[in-house]
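In what follows, a structure is listed as structure tokens, so that the remarks can point back to it.
The values are calculated or read from the model by the stated rules, or taken from the named source; none is laboratory data. Keep in mind that what you see is a predicted model, and the values were worked out from it rather than measured. No Cβ is skipped: glycine too gets one built from the backbone with ideal geometry, and neighbour counts run over all protein chains shown. When the accessible area is computed, the model is the full protein with side chains, heavy atoms only, and any ligands, DNA or RNA have been set aside. Shrake-Rupley method; radii C 1.70, N 1.55, O 1.52, S 1.80 Å.
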Amino acid sequence: MATLKEISTLTGLSSATVSRILNNDNTLSVKDETKKKVLEVAEKIGYRTSSKVNLQEKMNFLALFSYSEELEFNDPYYLSIRFSIEEESRNSGINLDKIYNYNIAALDKKYNGVLCIGQFNNSQIEKIKSISNHIIFIDSCNNREFDCITADLKEISECIVDFFIQCNYKKIGFIGGRDFENVLDEREEAFIKYSFLKKVIDEDNFYIGDFTSSSGYNLAKTMIANGSLPDALFIANDSIALGVLKALNENKIDIPNQVAIISINDIPASSFTFPALSTIKIHSDLMGSQAVRILKDKIESNRTAPLKITVPFSLILRETTK
């Protein structure tokens with residue numbers, strides 16, 4: 001049976017471009033002769049769409065969030081992912097439904113594809129597979145069977161530790177969170193291994209709660225009460241860092257001279273904290289938009305090999321580091 005890949009080979013165009021031409025995608029800017037060439041080749045080799053989604057019909061995607069709508073509303077990182085999913089879906093003519101808190105118990109609708117945002121356990125993944133065979137994970141890589149798009153949190157964690165080492169900090173503490181009580185977060189695990197290897201881990205200042213500002217505030221107060229501060233703190237995300245900064249400022253601890261801080265996400269508020277927060281910027285908008293494109297292309301091309309995509313990051317230095 002003729003495939004998109006064959007048309008791609010014969011025309012010298014990418015499978016994604018071929019798919020968009022056959023799908024009559026009005027947002028694609030190509031010459032009329034290019035479109036004509038694709039259609040002629042498709043007809044010549046007998047390309048048919050009967051075994052696929054009808055390319056003239058709209059696809060139906062489900063965005064399935066592992067967390068609550070309230071958590072998303074308070075976290076610009078997750079808002080950015082959702083906004084970019086919605087925008088790319090509109091631009092691609094895809095119908096999009098959204099469900100929060102993994103609330104699929106009463107779901108009786110079938111979807112062409114599912115975008116899973118957040119952390120999901122194995123039993124949840126098995127249930128998601130009953131909704132659609134086409135699945136992509138965003139902000140996690142829970143299962144090697146499926147596509148995923150995420151940030152390389154291991155590389156990010158090592159980047160932060162390396163920066164602190166370059167600044168000659170000898171004792172680096174950590175404040176983080178977990179999605180599942182007995183499962184280490186990737187940032188936590190990477191920090192433990194790398195800082196131990198580099199002999200800079202401050203084991204007396206290692207605190208785990210959840211990913212909220214209130215958790216950061218309470219953990220920082222505990223750290224201060226224990227009376228032994230680290231030279232530097234790696235904080236798992238900006239939301240936690242906001243709470244940590246509040247506790248340190250209340251106790252008149254000099255940042256960065258007593259404790260330097262770097263966190264992750266670069267939410268808008270991070271440049272307006274006191275002092276302004278040094279952080280890692282992850283291009284979360286790319287996660288959402290690229291996930292929609294990858295999932296659409298997977299369906300249209302019948303690709304079976306799973307893809308793992310990592311988005312870029314950059315270290316933004318502000319006033320919580322020297």
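One table, with the values for the structure above:
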quantity: Residues being within 15 Å of Lys37 (Cβ to Cβ), in contact (Cβ under 8 Å) with a residue 24 or more places away in the chain and not in a helix (DSSP H, G or I) - total across region 1-16; calculated: 1
quantity: Checklist (1) surrounded by fewer than 16 Cβ atoms within 10 Å (Cβ to Cβ); (2) on the phi < 0 side of the Ramachandran plot; (3) modelled with pLDDT of 95 or more; (4) not polar (S, T, N, Q) applied to Lys252, failing item; calculated: (2)
quantity: Output for region 176-200, where each listed residue is closer than 21 Å to Leu245 by Cβ and either exposed (fewer than 14 other Cβ atoms within 10 Å of the Cβ) or not hydrophobic (A, V, I, L, M, F, W, C) (or both); calculated: Gly176, Gly177, Asp185, Arg187, Glu188
quantity: Selection count where residues are at pLDDT 90 or above and either open to solvent by 30 Å² or more (accessible area, probe 1.4 Å) or within 28 Å of Arg187 (Cα to Cα) (or both), scope region 109-118; calculated: 6
quantity: Filter result (under 23 Å from Ser92 (Cβ atoms), open to solvent by 40 Å² or more (accessible area, probe 1.4 Å) and at pLDDT 80 or above) within region 38-51; calculated: Leu39
quantity: Qualifying positions in region 225-239 - without any contact (Cβ under 8 Å) to a residue 24 or more places away in the chain and not in a loop (DSSP other than H, G, I, E, B); calculated: Ala225, Asn226
quantity: Residues being in a loop (DSSP other than H, G, I, E, B) and either modelled with pLDDT under 95 or in contact with a helix residue (DSSP H, G or I) (Cβ under 9 Å, 6 or more places away or on another chain) (or both) - total across region 255-271; calculated: 5
quantity: Leading residue by the ranking (most open to solvent (accessible area, probe 1.4 Å)) among those in region 1-20 that are over 26 Å from Ala291 (Cβ atoms) and small (Gly, Ala, Ser); calculated: Gly12
quantity: Count - residues of region 274-291 that are crowded, with 21+ Cβ neighbours inside 10 Å and more than 13 Å from the chain's Cα centre (by Cα); calculated: 4
quantity: In region 52-89, the residues that are assigned to a loop (DSSP other than H, G, I, E, B) and modelled with pLDDT under 90; calculated: Lys52, Val53, Asn54, Leu55, Gln56, Glu57, Lys58, Asn74, Asp75
quantity: Region 201-236, residues that are surrounded by fewer than 20 Cβ atoms within 10 Å (Cβ to Cβ), under 28 Å from the mean Cα position of the chain (by Cα) and of a type in the set (Val, Ile, Thr); calculated: Ile208, Thr212
